[in-house]
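To keep things clear, I will list the structure first and then write my remarks on it.
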Amino acid sequence: MTPRQRLHAAMHGLHHDRVPFMCQMSIGHMLRQLPVAPVDFWHDVDVYARGLVDLRARYGFDGILVSLHGHEPRWMDALVRREQSPEGEVATWKDGRRLLYRPDDLPELLSDLPPPSSDPEQVPRPLSYIPVSQGLHFDIHPSHRFDVFRQVRSLAGPDVSVHGEVTSPFDYLLDALGHEAALMLLIDDPERAEAWLSNFADGVAEIASAMVCEDIDAIKVSSPFAGAGFLSRGHYERFVLPYERLVVEAIQQSGKPAYLHTCGAISDRLDLMARSGARGLECLDPPPLGTAELPEAFEVLGGRMFVKGNVDSVHALLLGTDDLVAQDAAARLRLGKAYGRFILSTACSIAPAVRPERIMMLRQIVEEQG
């Protein structure tokens, strides 16, 4: 089978020759492994696409996750200057923003954030940005929203699975108001929080509906802050589930699968996540990062969702011994094979300092035991 066929079969519960292997990589890890300047990797669609394709080939992944889209092709026209600093490269832009581009991490905004809006009707239509982290937006160029997918497909060829990514409406809310204010709004004025979430859900669903028309195979719905460390089960059911369900429906009308990504403690809400209608679930952080144990997760999911996970990227890949990595991956592989709809992956992103040899160990284990 080709890598694309293998991942398709695993996601749809069809027979396949071996367990697929596909990890998502942190920006910091990719930057440490690629001979590129962080500013160029972040803004230049050609540099970004080439980096994704090169690392997929190096690690032997069956698929590529494209997390950023909407690159401005004339991005350098908006650049005032680039300066080296002990921590990385500082770029000053014509709109007044200054960002530090570290060689092993996400960019950091050095200029002041604009004051948050208090009006949910001010949500831009269509959504014009990806809320990468607090205060860090990736602008979506309205005329070049999905150029990156065509570039990746051209470089990777027809036999590699390519996945897109959209961000949960709940993440947009946290970004728009700030985490503390947004979480307090859920308690103090839940109807207003729902108005924000409804508008963001419409915007994310519009992006997703257009993205599925590209030559891609699945879309991840990134929802890292919806675990028990942030939200109760009841708040998840009210403020996350209905709005992610709208996004999932927008994706899966095309026949392509959506899968949810939520970090941390999620074992108390796996049944709710299944009610989203999504066909897959990613991450399932194991203890101590989270609370997900594969046997219990598989029992709750009951074959309704494929699972992409869940090797501990910190305590195993980064800090553990080679023997621990091998034992950890082999054990998860055995459980995943018995479940059937399983993709071996790190639970969350490959941490920046994880050695490439550790990722190649996972690939070898899949080839030998998968």
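Assorted remarks:
- Screening Leu272, Leu241, Leu281 for residues that are free of Cβ contacts under 8 Å to residues at least 40 places away in the same chain, surrounded by 23 or more Cβ atoms within 10 Å (Cβ to Cβ) and among the hydrophobic types (A, V, I, L, M, F, W, C) leaves exactly one candidate, Leu281.
- Residues satisfying the stated conditions in the stretch 25-59, i.e. under 14 Å from Val162 (Cα atoms) and either surrounded by fewer than 19 Cβ atoms within 10 Å (Cβ to Cβ) or touching a Cys at 6+ places or on another chain (Cβ under 9 Å) (or both): Arg50, Asp54, Ala57
- A single member of Leu110, Leu52, Leu65 is of a type outside the set (S, T, N, Q), touching a strand residue (DSSP E or B) at 6+ places or on another chain (Cβ under 9 Å) and at pLDDT below 95, and it is Leu110.
- Ala353 being touching a helix residue (DSSP H, G or I) at 6+ places or on another chain (Cβ under 9 Å), under 20 Å from Met30 (Cβ atoms), touching a residue at least 24 places away in the same chain (Cβ under 8 Å) and in a loop (DSSP other than H, G, I, E, B): yes
- Matching entry among Asp105, Asp112, Asp159 (being of a type in the set (D, E, K, R), in contact with a helix residue (DSSP H, G or I) (Cβ under 7 Å, 6 or more places away or on another chain), assigned to a loop (DSSP other than H, G, I, E, B) and more than 21 Å from Ile216 (Cα to Cα)): Asp105
- Total residues in the stretch 284-299 satisfying the condition of being assigned to a loop (DSSP other than H, G, I, E, B) and either touching a residue at least 60 places away in the same chain (Cβ under 8 Å) or acidic (Asp, Glu) (or both): the figure is 6.
- From the list Gly96, Gly88, the one residue that fits, being crowded, with 20+ Cβ neighbours inside 10 Å, over 20 Å from the mean Cα position of the chain (by Cα), among the small types (Gly, Ala, Ser) and farther than 28 Å from Arg150 by Cβ, is Gly88.
- Within the stretch 99-150, tally of residues that are out of contact with any Leu (no Cβ under 8 Å at 6 or more places or on another chain), surrounded by 13 or more Cβ atoms within 10 Å (Cβ to Cβ) and either of a type in the set (A, V, I, L, M) or at positive phi (or both): 2
- Checking each residue in the stretch 251-266 for being within 18 Å of the chain's Cα centre (by Cα) and not polar (S, T, N, Q) picks out Ile251, Lys256, Pro257, Ala258, Tyr259, Leu260, His261, Cys263, Gly264, Ala265, Ile266.
- Filter result for Glu165 (among the acidic types (Asp, Glu), modelled with pLDDT of 95 or more and in contact with an Asp or Glu (Cβ under 9 Å, 6 or more places away or on another chain)): no
The values are calculated or read from the model by the stated rules, or taken from the named source; none is laboratory data. Quick caveat: nothing in here was measured; it's all calculated off a predicted structure. Backbone-built Cβ (ideal geometry, glycine too); neighbour counts: all protein chains shown.
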